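Shown next, in structure tokens, is the structure this report addresses.
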Amino acid sequence: MLGNGRVVVLASGAGTTLAALLAAHEQPGYPARIVGVISDQPTAAALDRARDAGVATAVVALADFDDRDAWNVAVAAAIDVFNPDLVVLAGFMRVLGSPFVERWAGRSINTHPSLLPAFPGAHGVRDALAHGVKVTGCTVHLVDAGLDTGPILSQVAVSVEPDDDEATLHERIKTVERDLLVDTVARMVTGGVAIDVVNSRRATLR
Ligand code: GAR
């Protein structure tokens with residue numbers, strides 16, 4: 001068990017993946033508890049979802065800080081307030097710097113709407129469509145200093161249909177992504193991650 005299964009979620013937008021986590025944490029047997037939600041966007045719908053679920057929220061907007069370093073320190077401090085065991089980036093659309101990455105190495109995960117390492121970045125679905133792939137999907141991975149580069153924990157494939165546009169494909173991905181994230185968080189909290197001693201890119205959920 002990873003501590004007491006306390007989870008902080010970072011989200012920038014609609015928060016439908018957060019909503020899946022909030023629904024799961026209300027189930028009696030679910031091992032993780034969402035103790036705080038932090039956004040870089042003061043008007044993010046994700047914050048409303050958290051408040052509706054009775055979960056504490058915080059906003060750390062980049063515009064409120066002199067530079068990115070100061071913002072990074074503030075995000076790390078806001079997370080510490082909740083004393084979590086695991087930090088989950090669920091639609092958090094900014095890259096976090098070393099104050100976060102070093103402190104939460106091995107205890108922070110990100111969900112991304114492509115089969116990484118293909119199509120990292122802010123437009124994973126658009127880029128996959130533009131490339132003409134026939135199969136894409138979603139990935140949950142450990143956070144490291146790169147852009148969607150951390151060791152992969154779990155993935156699900158999703159077929160691209162001929163008439164898909166970015167919105168329809170992203171919605172189909174998100175349908176499976178929510179379940180994947182809920183399951184991966186539970187497994188991280190209960191069993192943790194084993195990192196291969198020879199190849200540290202190979203991480204396995206226990
Ligand atoms: C999800 O598909 C997530 O993977 C993606 O944003 C969406 C959030 O949806 N994140 C990224 O693209 C990060 N690179 P939501 O706001 O409805 O939860």
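The values are calculated or read from the model by the stated rules, or taken from the named source; none is laboratory data. A quick note: this is a predicted structure, and the numbers were derived from the prediction, not measured. With ideal geometry, Cβ positions are generated from the backbone for all residues, glycine too; neighbour counts draw on all protein chains shown. The protein model used for the area step is the full one, side chains on, heavy atoms only, and it has no ligands, DNA or RNA in it. Shrake-Rupley method; radii C 1.70, N 1.55, O 1.52, S 1.80 Å.
Within the stretch 99-133, the set of residues being within 11 Å of the ligand (Cβ to nearest atom) and assigned to a helix (DSSP H, G or I) comprises 124, 125, 126, 127.
Which ones in the stretch 137-154 are aliphatic (A, V, I, L, M) and surrounded by 24 or more Cβ atoms within 10 Å (Cβ to Cβ)? Before you say what the answer is, go through the steps one by one.
Step one: list which residues in the stretch 137-154 are aliphatic (A, V, I, L, M), which gives 140, 142-143, 145, 147, 152-153.
Within the stretch 137-154, 140, 143 meet the criteria.
Exactly one residue out of 183, 144, 179, 163 is away from the ligand (no atom under 13 Å from the Cβ) and closer than 22 Å to residue 19 by Cα, and it is 183. Cβ-Cβ contacts under 8 Å between residues 6 or more apart (or on different chains), taken from a first residue in the stretch 68-90 that is under 20 Å from residue 149 (Cα atoms) to a second residue that is modelled with pLDDT of 95 or more and open to solvent by 50 Å² or more (accessible area, probe 1.4 Å), are listed as 86/6; 86/107; 87/107. The residues of the stretch 21-40 that are within 16 Å of the ligand (Cβ to nearest atom), under 16 Å from residue 89 (Cβ atoms) and either at pLDDT below 95 or not in a strand (DSSP E or B) (or both), listed by number, are 21, 22, 40. What's the total number of residues in the stretch 51-96 that are open to solvent by less than 20 Å² (accessible area, probe 1.4 Å), among the small types (Gly, Ala, Ser) and within 16 Å of the ligand (Cβ to nearest atom)? Here the count works out to 1.
Going by what's in this entry, would residue 18 be described as surrounded by 17 or more Cβ atoms within 10 Å (Cβ to Cβ) and either within 14 Å of the ligand (Cβ to nearest atom) or of a type in the set (A, V, I, L, M) (or both)? So that I can check it myself, show each step before the final result.
Values: surrounded by 17 or more Cβ atoms within 10 Å (Cβ to Cβ): yes; either within 14 Å of the ligand (Cβ to nearest atom) or of a type in the set (A, V, I, L, M) (or both): yes.
Yes; evaluated as a whole, the condition is true for this residue.
If residue 169 satisfies all but one of (1) of a type outside the set (Asp, Glu); (2) away from the ligand (no atom under 16 Å from the Cβ); (3) farther than 19 Å from residue 24 by Cβ, what's the number of the condition it fails? All conditions are met except number (2).
What's the total number of residues in the stretch 142-164 that are without any contact (Cβ under 8 Å) to a residue 40 or more places away in the chain, closer than 21 Å to residue 188 by Cβ and assigned to a strand (DSSP E or B)? Matching residues across the stretch 142-164 total 1. Against the test of being farther than 30 Å from residue 157 by Cα and within 16 Å of the chain's Cα centre (by Cα), the options 75, 37 yield a single qualifying residue, 75.
Against the list (1) over 13 Å from residue 89 (Cα atoms); (2) at pLDDT 95 or above; (3) surrounded by fewer than 24 Cβ atoms within 10 Å (Cβ to Cβ), the condition residue 107 fails is (1). Of the residues making up the stretch 165-180, one or more are of a type outside the set (Ser, Thr, Tyr) and assigned to a loop (DSSP other than H, G, I, E, B).
Which one of 40, 48 is open to solvent by less than 30 Å² (accessible area, probe 1.4 Å) and acidic (Asp, Glu)? Give the derivation first.
Values: 48 fails: open to solvent by less than 30 Å² (accessible area, probe 1.4 Å).
None of the others qualify; the one that does is 40.
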